[in-house]
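What follows draws every value from the coordinates through simple rules; no lab data is involved. Computed from a prediction, not measured in an experiment: that's the story for all the values here. Cβ coordinates were reconstructed from backbone atoms using ideal geometry, including for glycine residues, and neighbour counts include every protein chain displayed.
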Amino acid sequence: MDEIKVAVLGCEKEPKTELIKNLTGNFRSVKLGGMNTDIDIGYTTANGRRLYLFGGTREERKRFFEEVLPAGIDLGIVVVDSSKGISPEDKELIEEMKERNMPCMVFLNDKKETELHSFGRTIVHGSAWNKESANRLRDFLTKAT
């Protein structure tokens, strides 16, 4: 079975965790040796492909890039609060992904949004808290990646 490995990163923890929970249904938060915070891990199958998601925090980003990404991440998703816009930290994260030649997508998270809207392959607007929006994102990821 074809596999897609996705890193879900961003400044705020809650939307990333909710997004992984709603995208996968198979979710665990684990502490890796020597890390100060947990890493969120989830997986699911859609459209004949297995989708693995790994959520990292801003505090552990350096170690996340050095130890998790070399395992073969296919896509990075930067979760951004749509009411605040892209912060300097988000821009820095996107630039770091570009420097590492890692394809990346911006997920504009909106608690009130029930639909999923894509603007090409790099910008998606939806809700980490809405299961239907997450299901559409899962289908989008497994078809477009």
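The calculated FRET efficiency for the pair Arg28 and Asp2, based on their C-beta separation and a Förster distance of 30 Å, comes to about 0.85. The slack between Asp74 and Ser87, meaning 0.36 nm per residue of separation minus the straight C-alpha distance, is 2.3 nm. Proximity of backbone amide H atoms, modeled 1.01 Å from N, is registered between Ile39 and Val30, Lys31, Leu32 at under 5 Å, excluding neighbours fewer than 5 places apart on the same chain. Partners of Lys111 within straight-line reach, counting lysines whose Cα lies under 24 Å from its Cα and excluding those fewer than 8 residues away in the same chain: Lys13, Lys16, Lys21, Lys84, Lys91, Lys131.
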